[in-house]
Structures are given as structure tokens and as C-alpha cells.
Amino acid sequence: MYADDETVRRILQDTGDTWAVVGLSINRSRAAYGVAEVLQRFGKRVVPVHPKAEPVHGEQGYASLADIPFPVDVVDVFVNSDLAGAVADEAVAIGAKAVWFQLGVIDEEAYGRTRQAGLDMVMDRCPAIEIPRLDARR
């Protein structure tokens, strides 16, 4: 288990409302698209991060976390596990407060580095599942 319920609850309720969703594009068939909709319904500002930097769900997209010109609270990662560690390191570099690796995204070394840097981290879980499960609504 890569996060206890208290960490999940803290990220969803207390960490802040600006979520950069890495891998979010206009492709409606991708999981990131639907999860971003759920996050918005629960009051989160969803910032798309994708190489195409296209707007999604009414928010301007950015090609990388470093391109986002305002603070990000949580970095939600929808990339392959072999790319996820670099995204976690970038999240630390931009001053994010937490990193969330989606279902199936696992990098134990990145988890350790991110936690050691002082960020909360969840790995191999989905906020769209956890929000209703923990009743994390504000």
C-alpha cells in the first residue's frame, strides 16, 4: 500500500485545489479526461499538462509542469510508470505539495524520493474512486 487513508484524505481535502493533470488531453477515451471531470465536480482546478498544451475542460494546457505560471498544489500523473519518476521529480522542483500516481502507475524509487523531499504521495490509486469512498467533499 502506497498511501494510507489519512494521506489520501489530506491530499483531497487539505492540500489545495489546483491539480496539474499530467497526460490530460482532449482525448475523451482516456482515463485522464474522465478523472479530470470528476476532480472539477469536486471543486478542483484542473490544469492539463500534455506536450500538445491544448485546453481541456475550459482550462489552458501547458507542455510541462515547469511551464505553468502559477502554483500547483497536487500533480496527478497519468503517464507510464517508466516516465512517472521524472514527473515526480519535476513536481518537487516546482514546489508542489503532493504527487498522485494513478492506478497502474508505480515507481517505488520515485515514491521514496518524493516522500523524502517532504511531499505527500499516493501511488496506484485514483482520486475519482477515493473521493466518494472517503466522502472527501468539502
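Read the figures in this text as sums done on the coordinates, not as results from a lab. Here the structure is a predicted model, which is why all the values come from computation and not from measurement. Note that each Cβ is placed from the backbone with ideal geometry, even for glycine, and that neighbours are counted across all protein chains shown.
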Task: Proxy reagent accessibility, fewest Cβ within 10 Å first, across F42, F78 - done: F42, F78
TODO: Obtain the nm distance between the two label points defined at L83 and D4 by a simple spin-label model: each point lies 7 Å from its Cα along the Cα-to-C-beta direction.
DONE: 3.4
Open item on the list: Positive end of the dipole of the chain, charges at C-beta (+1 Lys, Arg; -1 Asp, Glu), about the Cα centre: which of I106, G16, A86 has its Cα farthest in that direction?
Closed with: G16
- [ ] Counting only C-alpha contacts under 8 Å and six or more residues apart, can you give the relative contact order of segment 1-68 as a whole percent?
- [x] 26
Open item on the list: Under the 0.36 nm per residue contour assumption, what length would be gained going from the current alpha-carbon distance of D124 and E54 to full extension?
Closed with: 22.6 nm
Open item on the list: Quick check on the chain: of the DSSP beta bridges with both residues there, what percent are antiparallel, nearest 5%?
Closed with: 5
Open item on the list: Let me make sure I get this right: for segment 9-75, a, b and c are the square roots of the gyration tensor eigenvalues over alpha carbons, sorted descending. Under 1.5 in a/c it's rounded, otherwise prolate if a/b > b/c, else oblate. Which is it?
Closed with: oblate
Open item on the list: Which order do the peptides 54-62, 84-92 come out in when sorted by mean C-beta neighbours inside 10 angstrom, highest first?
Closed with: 84-92, 54-62
Open item on the list: Quick check: the distance between the Cα centres of segment 5-57 and segment 70-138, to the nearest angstrom?
Closed with: 11
